[in-house]
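Enquirer: Once you've had a glance at the structure underneath, I'll fire off some questions.
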Amino acid sequence: MGHDDGSGLTNLIDRIAIEDLIYRYSDAVTRADWDQCEGTFATDAVWESPALGIRYEGARAFRDFLAQTTTSDILIQTPHAPVIRLLDHESAQCTTTIYEFVRAISLADTPLAKTGDEQNLEQWGLYYDDIGKVDGHWVFTHRLYVPMYAGPGVVTGEVLTPRGDLHRPQRQIERPA
């Protein structure tokens, strides 16, 4: 059961903010925007995947790990259908299905590849998240990634724009007078 201000508006606003958090994380991973990625986590957050043998304590440690993927050919992450459970005004839990498309050099020994091996796969998994409010903003306090399926050898197309170049171009927006 979630919290409510009597009108349902607080629940709705919190749910939208948590969905935005999930989307900002996946957008940051896809575009290799590590400042944005780090900003989605509490400073002392944990990201882990016991099935892959990976654990990072602290937003900065996880950011530093992911930053090594900037030169990966492809790492596209798409979240699907987050299910949000508001616990109170300051905490929530969420389950999100994730689809990833990856062509890169493995940065860690996992059941999918050894460090330094080429990876080429699509992957489906689940994120089980603990989310909290810090300074009025929802952030991940714990992300548990559980891989469900990995299909090898499917990323066969050409890279048209490197991940590190996928930042929004700066342009002047003209406003009507």
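The values are calculated or read from the model by the stated rules, or taken from the named source; none is laboratory data. This is a predicted model, so every value here is computed, not measured. Cβ placement follows ideal geometry from the backbone for every residue including glycine, while neighbour counts extend to all protein chains displayed.
Enquirer: Kindly list the number of the only condition in (1) hydrophobic (A, V, I, L, M, F, W, C); (2) surrounded by fewer than 18 Cβ atoms within 10 Å (Cβ to Cβ); (3) assigned to a strand (DSSP E or B); (4) out of contact with any helix residue (DSSP H, G or I) (no Cβ under 7 Å at 6 or more places or on another chain) that fails for Val146.
Expert: So the condition that Val146 fails would be (4).
Enquirer: Okay, moving on. I want to confirm something. Restricting to region 106-144 and keeping residues that are hydroxyl-bearing (Ser, Thr, Tyr) and more than 13 Å from the chain's Cα centre (by Cα), which single residue is nearest to Gln68 (Cα to Cα)?
Expert: Residues of region 106-144 hydroxyl-bearing (Ser, Thr, Tyr): 106, 110, 115, 127-128, 141.
From what's left, more than 13 Å from the chain's Cα centre (by Cα): 106, 110, 115.
Values: Ser106: 10, Thr110: 16, Thr115: 12 Å.
Applying the filter and picking the extreme gives Ser106.
Enquirer: Something else: State whether the residues of region 69-82 include one that is in contact with a Leu (Cβ under 8 Å, 6 or more places away or on another chain) and surrounded by 15 or more Cβ atoms within 10 Å (Cβ to Cβ).
Expert: Yes: region 69-82 contains one or more residues that are in contact with a Leu (Cβ under 8 Å, 6 or more places away or on another chain) and surrounded by 15 or more Cβ atoms within 10 Å (Cβ to Cβ).
Enquirer: Restricting to region 68-119, name every residue that is touching a Cys at 6+ places or on another chain (Cβ under 8 Å) and among the aliphatic types (A, V, I, L, M). Reasoning before the result, please.
Expert: Narrowing region 68-119 to residues touching a Cys at 6+ places or on another chain (Cβ under 8 Å): 82-85.
Matches in region 68-119: Val83, Ile84.
Enquirer: Then there is this: Mind checking which pairs have a first residue in region 49-71 that is farther than 23 Å from Ala150 by Cβ and without any contact (Cβ under 8 Å) to a residue 40 or more places away in the chain and a second that is assigned to a strand (DSSP E or B) and hydroxyl-bearing (Ser, Thr, Tyr), Cβ under 7 Å, 6 or more apart or different chains?
Expert: Going by the 7 Å Cβ cut-off, the qualifying pairs are Gly58/Thr43; Ala59/Thr43.
Each row is one residue, and each column tells you yes or no for (1) surrounded by 15 or more Cβ atoms within 10 Å (Cβ to Cβ); (2) of a type outside the set (Phe, Trp, Tyr); (3) at positive phi; (4) at pLDDT 95 or above.
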{"site": "Asn11", "(1), (2), (3), (4)": "yes, yes, no, no"}
{"site": "Val46", "(1), (2), (3), (4)": "yes, yes, no, yes"}
{"site": "Leu52", "(1), (2), (3), (4)": "yes, yes, no, no"}
{"site": "Gly58", "(1), (2), (3), (4)": "yes, yes, yes, yes"}
{"site": "Ala67", "(1), (2), (3), (4)": "no, yes, no, no"}
